[in-house]
Every structure is written in structure tokens, then in C-alpha cells.
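Colleague: Structure in C-alpha cells, see below.
Every read-out reported here was derived from the displayed coordinates using simple, explicitly stated rules and does not represent laboratory data. Worth saying up front: this structure is predicted, and the values here are computed from it rather than measured. Glycine gets a Cβ as well: all are built from the backbone with ideal geometry, and neighbour counts include every protein chain shown.
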Amino acid sequence: MIAQLWNAHAASLTLLARARCQAADDCVQEAFVKLSRLPELPNEPIAWLSQVVRREAITHWRSESRRVRRETVATEVRQQWFASADDNRVDAVDRLDMQHALGRLDVEDREIIIAHLWAGLTFRQIAESFESPLTAVHRRYTASIARLREEIEGEPSASSTKNDFRPIIIHPASS
């Protein structure tokens, strides 16, 4: 019976959920899982499934909204890190450009930046947790910030040289 309901109504229930959130398939799947756990089918299974799908979509939408707000706040803070020393500078770092630039860093370089800037860890704490020399952590952080500045601003930073830049490679598994 559940398979028949799935075949007949999954597409329309997905459309219902898609009106509210981006995780429509997950909402429909969760509704059918809940239906399968019931001791007996409801009198009106389509109405019941529609109600559950709608509730799941609202839950996902709320979760997505909270995530977007958190990412927006983090991105706004990130923009300040790469702002020019000139307080009158109007052009801000594009959020998507920053996310893409961070995604192109090596995983460890990105983790060092996140640990220092987002988590507020000192370089000594990062070195201990990464089991890496303090000077190596600081050097990687400085080089990564320089690479980000160069990529975002389109010009080499004062501290960059040919020797301290490795090619920026997109790693599908880490982006």
C-alpha cells in the first residue's frame, strides 16, 4: 500500500514541499517513513501525508533560514578581515568570491584560517591541535591570507612572492 501511495503521489508531494524549502525530497521521504511506522494507515492517507510533508518543509525552511543568517553574519565579519586599511574604501569583498576563494585553499590552510579567525584559537593552540610546528602554522596562515587577498582583490599583496604561492587547485571533495 505504501509503495502504491509513493508511486501515485510522491511527485505531487515533492512539489508541495518544494514550494517551501530546498529539501523537498527529504521531506517526502521522511513523511513516508513516518507513515510506515504507524500501526495502521490513516483514514485519508494522502491528506495525512500532505500535512506531514508540509510540516517537514516548514521545519527544513526554518533550518535553512537559520543557516543562511549564520552564514551571512560570518560572511560580513569575513569581509572586514580583507578590507583595506583605508577606512573610506567603499567596495566590499563579494561574499561568493570569498567563499570560492576559501574553497580553493588546501584543506589544512582553510582549517588554519577558520580555527584562527572563526574559532579564535591562537597560533600556538592551532599548532598543538594540528601537531605542527608553530612557525609552520603561522607561515601557512600568512601565505593563505596573502593568496586570498590576491585572488579577491586581483593584485599581489606586499608580502607575496613567487616562492610562497602554490597553485590553487579546487579539490572536489573539500569544496
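Colleague: By counting other Cβ atoms within 10 Å of each Cβ, how are Glu56, Glu131 ranked from fewest to most? Write down the numbers at each step before the final one.
Modeller: Details: Glu56 23, Glu131 6.
The fewest-first ordering by Cβ neighbours comes to Glu131, Glu56.
Colleague: Once the Cβ-Cβ distance between Leu41 and Leu15 is put in as r, and R0 is 25 Å, what FRET efficiency do you end up with, to the nearest 0.05?
Modeller: Details: r = 23 Å, r/R0 = 0.90.
Taking R0 as 25 Å, the efficiency between Leu41 and Leu15 is 0.65.
Colleague: Hey, what's the per residue convex hull volume over the C-alpha atoms of the stretch 2-76, in cubic angstrom? Before the final figure, lay out the partial values.
Modeller: Working: hull volume 5.9 nm³, N = 75.
Here the figure is 79 Å³ per residue.
Colleague: Could I ask something else about it? Once R0 is set to 30 Å, what does the formula 1/(1 + (r/R0)^6) return for the Cβ-Cβ distance between Met1 and Arg70, expressed as a FRET efficiency to the nearest 0.05? Walk me through the numbers before you get to the answer.
Modeller: Working: r = 41 Å, r/R0 = 1.38.
Efficiency computed from Cβ-Cβ geometry: 0.15.
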